[in-house]
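The values are calculated or read from the model by the stated rules, or taken from the named source; none is laboratory data. Computed from a predicted model, the values in this text were never measured in an experiment. Heads up, the Cβs are rebuilt from the backbone with ideal geometry, glycines too, and the neighbour counts pull from every protein chain shown. When the accessible area is computed, the model is the full protein with side chains, heavy atoms only, and any ligands, DNA or RNA have been set aside. Shrake-Rupley method; radii C 1.70, N 1.55, O 1.52, S 1.80 Å.
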Amino acid sequence: MAAPVCSLRTVIHGCHRHVFKAGFIGPSFPFTNRSWVAVRFYAAESAVVKKFIKEKKTSKEPVIKRLTKEQILEKRKDTNSPKPFGLTAWKPSDDVYMARYYPKPTLEPETAIEMLKTFQRLDFTNSTQAVYVELKLDMKLEKKKKVDPFVGYLHLPFSFVKESNKLLVFTEKADDAEIAKKNGAAFVGGVELIPQILNDEIQADFYIATPDIVAKLNILKNKLRKKFPKSKRGSVGNDVENMIKLFQTSYEYAVEKECLVQTKIATWQMEW
């Protein structure tokens with residue numbers, strides 16, 4: 001009789017909210033739904049477990065963390081080890097292999113260019129297609145400081161730009177204005193050019209200014225943004241002729257993602 005009674009108690013305890021409100025009186029034993037309270041007993045923590053938890057809390061050993069990507073690459077530079085850190089081997093033994101199990105191959109620039117030329121012919125790629133280079137710069141300084149991302153300009157040894165850059169020169173000096181026009185500046189003037197720039201009536205690839213007029217151009221900062229004349233970029237100075245020569249045929253590159261430079265360096269039709 002004890003087993004059926006325990007089963008009945010379990011059922012009543014689970015559904016007493018839906019069926020029973022005040023209580024229930026059975027045929028052979030009276031009881032109420034309040035008398036059934038689930039009780040569970042747990043074993044006390046052993047002395048060994050308590051000691052382990054206490055030692056873990058008071059331990060001064062450093063917590064082991066996962067290695068960063070830079071740390072993994074640094075470990076893989078050790079060529080004396082039989083295999084690179086975290087990978088299968090230094091080089092695959094077959095022509096077909098899983099690339100993620102082996103370090104990425106490092107090629108000389110000449111070899112990489114020859115491979116790209118081969119792929120270009122096999123894929124029937126247009127000969128005027130651009131070739132891009134990706135550079136990762138070391139922007140770290142002492143005391144955990146970094147160089148801020150910047151925009152730079154350079155002259156490539158073999159220029160692939162068909163047309164010269166369109167320049168706009170801000171100056172209030174008649175002599176500088178005359179020099180700018182003689183050297184091929186597309187637009188030359190003073191503050192009178194500001195409304196035309198704001199209304200998109202005139203646009204240029206690069207904007208150059210002399211120091212005496214820079215303070216009057218602050219209204220154009222939001223419009224020109226990175227193209228706004230600055231002395232750090234070499235677009236503000238008194239030597240208008242040399243500035244025009246620099247920006248007329250120069251190529252602009254920008255540092256992105258804190259240390260990455262992705263820029264075009266040539267086209268397929270150029271001689272390498």
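Pairs linking a residue in segment 182-197 that is under 16 Å from Lys223 (Cβ atoms) to a residue that is part of a helix (DSSP H, G or I), with Cβ atoms under 7 Å and 6 or more positions apart or on different chains, are Phe187/Leu193; Val191/Lys216; Ile194/Ile219; Ile194/Leu220; Ile197/Leu220; Ile197/Lys223. Restricting Ala209, Ala254, Ala215 to those that are small (Gly, Ala, Ser) and free of Cβ contacts under 8 Å to residues at least 12 places away in the same chain reduces the list to Ala215.
For segment 198-210, the condition holds for at least one residue, the condition being that it is at pLDDT 90 or above, open to solvent by 40 Å² or more (accessible area, probe 1.4 Å) and assigned to a helix (DSSP H, G or I). Against the list (1) surrounded by 10 or more Cβ atoms within 10 Å (Cβ to Cβ); (2) under 30 Å from Gln269 (Cα atoms), the condition Glu110 fails is (1).
Number of residues in segment 156-181 that are of a type in the set (Asp, Glu) and touching a residue at least 40 places away in the same chain (Cβ under 8 Å): the value is 2.
When segment 113-137 is filtered for residues that are open to solvent by 100 Å² or more (accessible area, probe 1.4 Å) and either of a type in the set (Gly, Ala, Ser) or touching a Lys or Arg at 6+ places or on another chain (Cβ under 9 Å) (or both), only Tyr132 remains.
Taking segment 239-265 as the range and being open to solvent by 80 Å² or more (accessible area, probe 1.4 Å) and part of a helix (DSSP H, G or I) as the test, the residues that pass are Asn242, Lys245. Scan segment 228-245 and give yes if some residue there is touching a strand residue (DSSP E or B) at 6+ places or on another chain (Cβ under 7 Å), within 30 Å of Thr125 (Cα to Cα) and of a type in the set (A, V, I, L, M, F, W, C), otherwise no. Taking every residue of segment 228-245 in turn, none turns out to be touching a strand residue (DSSP E or B) at 6+ places or on another chain (Cβ under 7 Å), within 30 Å of Thr125 (Cα to Cα) and of a type in the set (A, V, I, L, M, F, W, C).
Residues are listed down the side, and each one gets a yes or a no for (1) of a type in the set (Phe, Trp, Tyr); (2) open to solvent by 50 Å² or more (accessible area, probe 1.4 Å); (3) farther than 24 Å from Val255 by Cα; (4) at pLDDT 85 or above:
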| position | (1), (2), (3), (4) |
| --- | --- |
| Val161 | no, yes, no, no |
| Lys166 | no, yes, no, yes |
| Glu178 | no, yes, yes, yes |
| Gly184 | no, no, yes, yes |
| Gln196 | no, yes, yes, yes |
| Asp212 | no, yes, yes, yes |
| Ala215 | no, yes, yes, yes |
| Pro229 | no, no, no, yes |
| Gly237 | no, no, no, yes |
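Checked against (1) within 25 Å of the chain's Cα centre (by Cα); (2) more than 30 Å from Thr249 (Cβ to Cβ); (3) in a loop (DSSP other than H, G, I, E, B), Pro149 passes all but condition (2). Selection of segment 90-100 for residues being within 29 Å of the chain's Cα centre (by Cα) and surrounded by 12 or more Cβ atoms within 10 Å (Cβ to Cβ) yields only Trp90. When you check Lys173 against the structure, is it within 27 Å of Thr263 (Cβ to Cβ) and at pLDDT below 90, yes or no? So Lys173 fails the test. Filtering segment 74-89 to residues that are of a type outside the set (S, T, N, Q) and either within 27 Å of the chain's Cα centre (by Cα) or open to solvent by less than 100 Å² (accessible area, probe 1.4 Å) (or both) leaves Glu74, Lys75, Arg76, Lys77, Asp78, Pro84, Phe85, Gly86, Leu87, Ala89.
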